[in-house]
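One structure, as structure tokens, below. Some questions next.
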Amino acid sequence: MSDTNPLSPICKSWLEKIKLAEKHKKPFSDDAEEAMNFFAGDPDFMWQNEYARGERGYNKGIDPPAFRMTVNRVWEAVRLFTAVIHHRNPTRSVTPKDYPFVPPQLLGIEPQPPVPQMGPDGQPVIGPDGQPVMMPDPMMQQYQAASRHINRLTERRKLVSALLERYLNYTPNELNLKDHSRRVVEEAFIKGAGVWWHELYQPPGSNVRMAGSFFDSIDNLFWDPDADDFPDIRWCARKRVQPIDEVAAKFGLTRDDLKGHMESYASQSARKRRGYETEKKRGQTNDLICYYEIYSKTGFGDRLKDGEKDLRGQFDALGPNCYIVVAEGVEFPLNLPPSVLQEDVGPSGVPDRFFMSAQWPIPFWAESYSGWPFTLLAWHGKPGYSWPLSLIRPGIGELRFINWAMSFLATRIATSSQTIIGVAKSADPDIKNKLLDGSEGGFKIVEIAEAIGRRVEDVVSVFQMPNITTDLWTIISEVTALFDRRVGLTELIYGMTRSSFRSAAEAQVKAEQISVRPDDYANILEDALAEVARKEALCARWLVQPQDVSTLMGPLAAQAWQMHVLAEEPDTVVREYQYRVEAGSAKKPNIATRVENLNGFLQMAMPAAQGLMQAGMPDMFNGLMLKWGEINQMDVTGFLVPQPPPPPLQEQAPPEEAPPEEGPPQ
């Protein structure tokens with residue numbers, strides 16, 4: 001063990017595991033880097049020897065063309081699919097799961113008629129009205145009490161879901177979720193996966209805290225290399241690079257506490273370890289530090305393979321779900337400074353602050369399937385490998401050939417466009433000079449002496465370069481079509497068609513088929529956005545206080561937030577409420593389709609609405625008008641039918657005085 005800090009072996013073990021995770025991620029990272037280069041890299045990257053003739057290269061013996069180009073089909077795929085499936089923040093809905101209705105008969109309760117209450121003398125008890133006092137069935141009384149309790153729980157859950165739904169539809173606009181999601185979707189199409197991280201955000205100068213989801217590159221995420229599938233991972237790590245002073249303030253440290261990281265960087269740079277520059281960026285304005293936030297479901301790290309044997313089992317009291325922050329060259333976790341170890345031991349066997357600091361900031365582990373502080377967006381999986389597959393990977397061979405063939409074709413065109421003139425060696429040197437001189441008005445005049453005694457064609461000849469065969473164009477076109485089918489870039493995506501449709505039925509069939517892949521991507525995105533909403537709800541339940549929502553919802557709702565939302569268990573928030581986004585609400589709306597559907601509905605509903613309007617009930621007519629105006633982007637409030645005035649109150653006649661009662665005769 002280290003003499004300086006007893007947690008040093010823990011940090012060392014986790015840093016070694018992160019290196020193994022980076023190695024495990026390498027196939028995905030290589031595909032992602034290649035796709036990113038085709039998307040927005042140097043146009044010449046494909047022809048560099050490191051790529052063309054490297055381990056993943058495609059060219060082993062052919063010299064590259066003189067003219068080099070890149071056909072950016074990746075850019076087209078990303079821009080088209082992103083525009084189709086993501087246009088705006090989706091509408092979120094939160095609904096509580098209903099309790100099932102259980103009839104009393106299935107609980108063995110048979111309703112019985114009431115029986116008279118018997119007194120001590122064995123006779124029925126008589127009430128004030130002179131009738132026997134009836135006693136209800138006690139089993140039915142218990143059943144009815146339980147039913148009333150279930151009704152109260154149901155009403156409480158409806159209130160919680162209403163508060164969460166209002167909150168979850170407020171924060172996306174405030175925290176710019178649209179742009180963050182756009183970046184996640186684009187990176188997922190390019191690299192194969194994108195990621196939202198769920199955190200608590202406090203705007204500068206404000207006391208209000210909000211639960212939100214934010215983009216971070218998939219390059220900064222690593223996870224358990226032992227897992228063959230994503231649900232099986234037991235830990236993940238997020239790489240972060242921030243100014244060293246901000247990190248010190250975040251974890252309650254000083255700059256001197258982190259100087260070991262700077263020294264470690266200097267020593268690694270001196271040895272020029274390959275790839276180390278990606279771990280620690282050299283800031284131009286501030287000194288930066290690279291650290292890793294580790295979310296573990298396998299304990300604190302004392303039981304990791306090849307770890308310090310003397311520490312094994314020493315931190316079992318922390319539980320399986322632990323949070324550790326490590327940095328290269330720092331001998332202790334950043335979230336557990338040395339001063340924590342000097343505090344008194346609590347009931348858990350470790351100091352209380354140690355225990356709390358080693359717990360996840362937000363208990364996302366309460367989710368069974370994706371219990372992590374991030375939501376992963378991936379389109380395609382790879383059997384036996386936990387990292388997803390890039391959209392571009394299946395067509396990378398065709399894409400390389402397209403760029404290779406088009407570059408050689410461009411070179412051939414440049415070569416064929418040259419004009420080669422042959423001049424007889426015995427010709428007058430003045431003829432050669434005239435051919436090389438500049439032209440005037442696009443013409444050159446070359447005078448040939450008659451004494452030569454030969455025709456002009458015999459003295460000066462123009463060589464005809466062979467034409468480019470159509471076979472080359474056909475091959476490139478066919479390979480391009482193969483790549484387009486790999487990634488889904490069919491002609492109808494572009495709004496084009498090579499032949500006209502013979503019937504409306506054919507057009508409808510093709511329209512339905514062309515939307516299969518975009519619809520599948522849209523469904524995957526909507527499922528991911530529903531998971532984002534669920535995790536934001538868990539974050540809000542854990543960290544958002546009534547004062548954070550009082551401005552949005554008012555004081556009464558803030559009090560209800562304190563009484564009901566914060567009283568829910570984390571696993572209840574995750575499991576007992578359903579979080580959805582409305583189907584298609586993230587897409588760009590199809591105005592023409594919506595207008596067509598509404599017009600068809602108006603033909604059926606408007607006669608009934610007009611009948612109700614004539615009867616003094618214009619609500620249905622006004623609702624249809626407002627919907628029509630919304631879809632057609634027109635203000636129709638001036639055309640709404642006002643509510644009829646209430647009927648006049650009828651004056652009631654004063655009650656007639658009753659005649660005086662006649663007394664008994666005197």
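Name the single residue that is least open to solvent (accessible area, probe 1.4 Å) among those in region 290-301 being in a loop (DSSP other than H, G, I, E, B) and in contact with a Lys or Arg (Cβ under 7 Å, 6 or more places away or on another chain).
Result: LYS297.
Could you please tell me which pairs satisfy a Cβ distance under 8 Å, a separation of 6+ or placement on different chains, a first residue in region 151-165 that is over 13 Å from THR95 (Cβ atoms) and open to solvent by 70 Å² or more (accessible area, probe 1.4 Å), and a second residue that is among the acidic types (Asp, Glu) and assigned to a helix (DSSP H, G or I)?
Here the result reads none, with nothing in region 151-165 linked to a residue that is among the acidic types (Asp, Glu) and assigned to a helix (DSSP H, G or I).
Residues in region 103-114: is at least one open to solvent by less than 80 Å² (accessible area, probe 1.4 Å) and without any contact (Cβ under 8 Å) to a residue 12 or more places away in the chain?
yes
Let me ask something else. Can you tell me which of (1) open to solvent by 20 Å² or more (accessible area, probe 1.4 Å); (2) modelled with pLDDT of 90 or more; (3) over 20 Å from THR95 (Cα atoms) is the one ASN590 doesn't meet?
(2)
Taking strands (runs of 3 or more DSSP E) that do not extend beyond region 187-264, which have at least 1 residues that are of a type in the set (Val, Ile, Thr)?
Answer list for region 187-264: 193-201, 235-243.
Taking the condition assigned to a loop (DSSP other than H, G, I, E, B), within 37 Å of the chain's Cα centre (by Cα) and at pLDDT 85 or above, does ILE396 pass?
No: the conditions fail for ILE396.
Only one of these conditions is not met by LYS97: (1) within 43 Å of the chain's Cα centre (by Cα); (2) surrounded by 14 or more Cβ atoms within 10 Å (Cβ to Cβ). Which number is it?
(2)
Further, regarding this structure: Looking at region 537-564, I want the residues that are closer than 18 Å to GLY212 by Cα and among the hydroxyl-bearing types (Ser, Thr, Tyr) and have a partner that is open to solvent by less than 60 Å² (accessible area, probe 1.4 Å) and not in a helix (DSSP H, G or I) with Cβ atoms under 8 Å, at least 6 apart or on another chain. Which pairs are those?
Within 8 Å, the pairs are THR551/VAL208.
Can GLY638 be described as open to solvent by 50 Å² or more (accessible area, probe 1.4 Å) and either without any contact (Cβ under 8 Å) to a residue 24 or more places away in the chain or β-branched (Val, Ile, Thr) (or both)?
The answer is yes for GLY638.
How about region 166-198: which of its residues are in contact (Cβ under 8 Å) with a residue 60 or more places away in the chain, within 13 Å of VAL532 (Cα to Cα) and in contact with a strand residue (DSSP E or B) (Cβ under 9 Å, 6 or more places away or on another chain)?
Result: LEU168, ASN169, THR171, PRO172, LEU177, SER181, VAL184, GLY194, VAL195, TRP196, TRP197, HIS198.
If I go through region 69-82 residue by residue, how many of them are surrounded by fewer than 21 Cβ atoms within 10 Å (Cβ to Cβ) and over 15 Å from the mean Cα position of the chain (by Cα)?
Residues in region 69-82 being surrounded by fewer than 21 Cβ atoms within 10 Å (Cβ to Cβ) and over 15 Å from the mean Cα position of the chain (by Cα): 7 in total.
Would you confirm, using the coordinates I've provided, whether GLU34 is open to solvent by 20 Å² or more (accessible area, probe 1.4 Å), touching a residue at least 40 places away in the same chain (Cβ under 8 Å) and under 27 Å from the mean Cα position of the chain (by Cα)?
In short, no.
Can you go through ARG156, ARG152, ARG148 and tell me which one is in contact with a helix residue (DSSP H, G or I) (Cβ under 9 Å, 6 or more places away or on another chain), among the basic types (Lys, Arg) and closer than 30 Å to ARG541 by Cβ?
ARG156
The values are calculated or read from the model by the stated rules, or taken from the named source; none is laboratory data. Worth saying up front: this structure is predicted, and the values here are computed from it rather than measured. Here the Cβ is made from the backbone with ideal geometry for all residues, glycine too, and neighbour counts use every protein chain on show. Areas reflect the complete protein model, heavy atoms only, side chains present, ligands, DNA and RNA absent. Shrake-Rupley method; radii C 1.70, N 1.55, O 1.52, S 1.80 Å.
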